[in-house]
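Let me begin by presenting the structure, written as structure tokens, before commenting on it.
The values are calculated or read from the model by the stated rules, or taken from the named source; none is laboratory data. Being a predicted model, the structure only gives us computed values, none of them experimental. Note that each Cβ is placed from the backbone with ideal geometry, even for glycine, and that neighbours are counted across all protein chains shown.
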Amino acid sequence: MAFELPALGYDVSALEPHIDTQTMQIHHGKHHAAYVNNLNAALASHPALQASPIEDLLGNINDVPEAIRQAVINNGGGHHNHTLFWSIMGPNGGGEPTGALGSAIDSTFGGFAAFKAAIKDAGVKRFGSGWSWLVQTPAGALQIYSTANQDSPLMKGDTPLLGVDVWEHAYYLKYQNRRPDYLDAWWGTVDWSAVAARYRH
Ligand code: MN3
């Protein structure tokens, strides 16, 4: 059983003007597809691992044979990170989280504006390629941090609730070197109901 590229839940133009259509076509149809293909290639000679949910592979990464471990980190992480990314964006995005997640963000980070500033700061300061995350720890706390490359918070035992891709391929066609502008605009894509559905409380 091979891993598959999930369909986008919306049209490639649905995130305009925040994320342009061509970026979505290449990002989903080429970059994410390549992570899936490379993950399947890495697991080709490990049928037992092919049957594992991707969350289990990343959450127990030291159980993955050393010969393919980095390939699973890069491509399995890439697959999981992007699947989450598409799922927490959508048309008519934006606004603010409500309910339990909204309250937890306010109490943990000192309000929604401070939360957004911290996500942006982690994304801007990530040197090279990576992700800025809101995660939930095993104890239930919220944290913000960035990871390099396609490293997943699952590898640290944390559950990613919201993640924004800061690889240049995520924004360069529209924003060129202006990563901070992309990070500001990105909030207009966020589907807070999808983020809240990931929150355990
Ligand atoms: Mn990407």
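Some observations on this one:
- Considering only residues in the range 147-159 that are under 23 Å from residue 27 (Cβ atoms) and more than 14 Å from the ligand (Cβ to nearest atom), the one that is surrounded by the fewest Cβ atoms within 10 Å (Cβ to Cβ) turns out to be 155.
- Of the set (1) closer than 22 Å to residue 151 by Cα; (2) of a type in the set (Val, Ile, Thr); (3) touching a strand residue (DSSP E or B) at 6+ places or on another chain (Cβ under 6 Å), all apply to residue 108 but (1).
- Residue check, residue 19 surrounded by 18 or more Cβ atoms within 10 Å (Cβ to Cβ), in contact (Cβ under 8 Å) with a residue 60 or more places away in the chain, more than 16 Å from the ligand (Cβ to nearest atom) and closer than 23 Å to residue 184 by Cα: no
- Of all the criteria given as (1) more than 16 Å from the ligand (Cβ to nearest atom); (2) outside any helix (DSSP H, G or I); (3) not charged (D, E, K, R), the one not satisfied by residue 57 is (2).
- Checking each residue in the range 113-127 for being part of a loop (DSSP other than H, G, I, E, B) and either surrounded by 15 or more Cβ atoms within 10 Å (Cβ to Cβ) or touching a residue at least 40 places away in the same chain (Cβ under 8 Å) (or both) picks out only 126.
- For the range 88-114, the set of residues classified as away from the ligand (no atom under 14 Å from the Cβ), touching a helix residue (DSSP H, G or I) at 6+ places or on another chain (Cβ under 6 Å) and either under 20 Å from residue 169 (Cα atoms) or hydrophobic (A, V, I, L, M, F, W, C) (or both) consists of 101, 105, 109, listed by residue number.
- Pairs linking a residue in the range 101-112 that is of a type in the set (S, T, N, Q) to a residue that is surrounded by 13 or more Cβ atoms within 10 Å (Cβ to Cβ) and not in a helix (DSSP H, G or I), with Cβ atoms under 6 Å and 6 or more positions apart or on different chains, are 108/142.
- Residue 98 more than 30 Å from residue 62 (Cβ to Cβ) and of a type in the set (Ser, Thr, Tyr): yes
- Taken as a whole, the condition of being within 16 Å of the ligand (Cβ to nearest atom) and either in the same structural domain as residue 163 (by TED's automatic domain parsing) or part of a helix (DSSP H, G or I) (or both) applies to residue 77.
- Residue check for residue 126: away from the ligand (no atom under 16 Å from the Cβ) and among the basic types (Lys, Arg): no
- All positions within the range 155-200 that are assigned to a loop (DSSP other than H, G, I, E, B), out of contact with any strand residue (DSSP E or B) (no Cβ under 9 Å at 6 or more places or on another chain) and over 16 Å from residue 129 (Cα atoms): 157
- Which numbered condition residue 7 misses (of (1) surrounded by 13 or more Cβ atoms within 10 Å (Cβ to Cβ); (2) within 16 Å of the chain's Cα centre (by Cα); (3) away from the ligand (no atom under 15 Å from the Cβ)): (1)
- Residue that is nearest to the chain's Cα centre (by Cα), among those in the range 26-54 that are exposed (fewer than 13 other Cβ atoms within 10 Å of the Cβ) and in a helix (DSSP H, G or I): 30
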